[in-house]
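These notes are about the structure you will find just below.
The values are calculated or read from the model by the stated rules, or taken from the named source; none is laboratory data. All values reported here derive from a predicted model rather than from experimental measurement. All Cβ positions, glycine included, derive from the backbone under ideal geometry; neighbour counts span all protein chains shown.
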Amino acid sequence: MEEVLLEWAKAIHKENPVVDAHLDLAAEVYSRRLYGERDVVERRYLTDFLEAGVNVCVSSVFVSGRDLPEKGLHVAMGQIAALREDLEPVRDVICVVTNREELETALGEGRIAVLLSLEGLDPVGTDLYLLRAFYDLGVRGAGLTWSRPNAFARGCCKAGEMLEIRGGLTELGREAVAKLEELGMYVDVSHLNNDGFADVLGCARRPFVASHSDAWSVHENYRNLRDDQIGALAARGGVIGVNVCGTIAGAAIYPREQAVECLCRHVEHLVSVAGEEHVGFGFDLCNGLSASVPRLDFQVEEDDLLLNHREMLTLSAALLGRGMSEDTLVGVIGGNFLRYFRTVLS
């Protein structure tokens, strides 16, 4: 039975759009290339992308706290340049896209489309004019912060913390939302705290996403969304991407073999609250980035409940086995995020 479900999932992935709305790809490529590695995406990701039928991947531009504030802009621009250079030898298979026409061309030619998104506005400091510079570099989405306070907002918490952080958007944060929308960049509320989410809900004029967040009702973690937030985001036309970080999803409190079951519960709850057109995948696979950063003790944080993108098929098969309809699954694996990107890209 499991083999039948897996073959069914493979057929669905092959015949329909597949999207991962959040991956720290640019940060990992930049880190590995600093230490001499080349062809990072081709060697470490491309086979799994193709096996899972991935058509669109959103690469975050994530700057670690160790590079802030002095090197934030430098590192962010370096990540974008490193990713583009790394993809150049395989541009006939995977490429960065910056508008709807380029997205459709890539899809039509069977190439994987990569969109760029800032995971926090820390690299711009307090200078909103730099948002235009990032737009010109191809960035098309942005979160205001990454689980830490900056000039725009306060983050919710780190993944393993159970502590509510209060305080909404600053005045500059509200201006940033308006500027992002003016430029045609989408707003991402993953990592915002509850007050910040409420402020975005109040000032945003366009649909926004939570690219890599799970459901609070399934596991209480401040990186996850409450039912009222899920409903509000969906009512605006946004999409929520399911996160496979074990601490965020809650699988850390279960035996490891129950990881996929835990992810299924998040998907099913989000669909039941948001509706089947507003849920997708934003896996936030972090093991690769974690392993790319040298450590004195050589210990790597491994919290991903899926080991690679190929295991998307296992998750899809499990959802089918639990009774999800094929039509609903087609939206979750990529149709919903692709519809959103087609709407927001110029």
Within region 83-126, tally of residues that are in a helix (DSSP H, G or I), of a type in the set (Lys, Arg) and surrounded by 15 or more Cβ atoms within 10 Å (Cβ to Cβ)
1
Among the candidates 288, 246, single out the residue that is modelled with pLDDT under 90, of a type outside the set (Ser, Thr, Tyr) and touching a Leu at 6+ places or on another chain (Cβ under 9 Å).
288
Given (1) modelled with pLDDT of 95 or more; (2) buried (at least 19 other Cβ atoms within 10 Å of the Cβ); (3) of a type in the set (Asp, Glu), index of the condition residue 326 fails
(2)
Out of all the residues in region 182-193, is one or more small (Gly, Ala, Ser), over 24 Å from residue 20 (Cβ atoms) and modelled with pLDDT of 95 or more?
no
Those residues of region 178-204 which are closer than 20 Å to residue 147 by Cβ, of a type outside the set (Gly, Ala, Ser) and part of a loop (DSSP other than H, G, I, E, B) amount to 189, 191, 193
Look through region 127-144, keep the residues that are closer than 13 Å to residue 174 by Cα and assigned to a loop (DSSP other than H, G, I, E, B), and return whichever of them is nearest to the chain's Cα centre (by Cα).
144
For residue 192, state whether it is touching a Cys at 6+ places or on another chain (Cβ under 8 Å) and in contact (Cβ under 8 Å) with a residue 60 or more places away in the chain.
no
Residues that are among the hydrophobic types (A, V, I, L, M, F, W, C), outside any helix (DSSP H, G or I) and under 19 Å from the mean Cα position of the chain (by Cα): does region 42-50 have at least one?
no
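Okay, residues lined up against (1) in a loop (DSSP other than H, G, I, E, B); (2) in contact with a strand residue (DSSP E or B) (Cβ under 7 Å, 6 or more places away or on another chain); (3) under 30 Å from residue 126 (Cβ atoms); (4) β-branched (Val, Ile, Thr):
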{"site": "66", "(1), (2), (3), (4)": "no, no, yes, no"}
{"site": "70", "(1), (2), (3), (4)": "yes, no, yes, no"}
{"site": "76", "(1), (2), (3), (4)": "no, yes, yes, no"}
{"site": "81", "(1), (2), (3), (4)": "no, no, yes, no"}
Hey, any hits in region 314-323 for a residue that's touching a helix residue (DSSP H, G or I) at 6+ places or on another chain (Cβ under 6 Å), closer than 22 Å to residue 116 by Cβ and at pLDDT 95 or above?
no
Check on residue 45, surrounded by 19 or more Cβ atoms within 10 Å (Cβ to Cβ) and aromatic (Phe, Trp, Tyr):
yes
If a residue must be surrounded by fewer than 24 Cβ atoms within 10 Å (Cβ to Cβ) and either out of contact with any Asp or Glu (no Cβ under 9 Å at 6 or more places or on another chain) or aliphatic (A, V, I, L, M) (or both), how many such residues does region 161-175 contain?
9
When both residues are 6+ apart or on different chains and their Cβ atoms are under 6 Å apart, which pairs have a first residue that lies in region 62-82 and is in contact (Cβ under 8 Å) with a residue 60 or more places away in the chain and crowded, with 21+ Cβ neighbours inside 10 Å, and a second that is of a type in the set (D, E, K, R) and outside any helix (DSSP H, G or I)?
62/24; 62/119
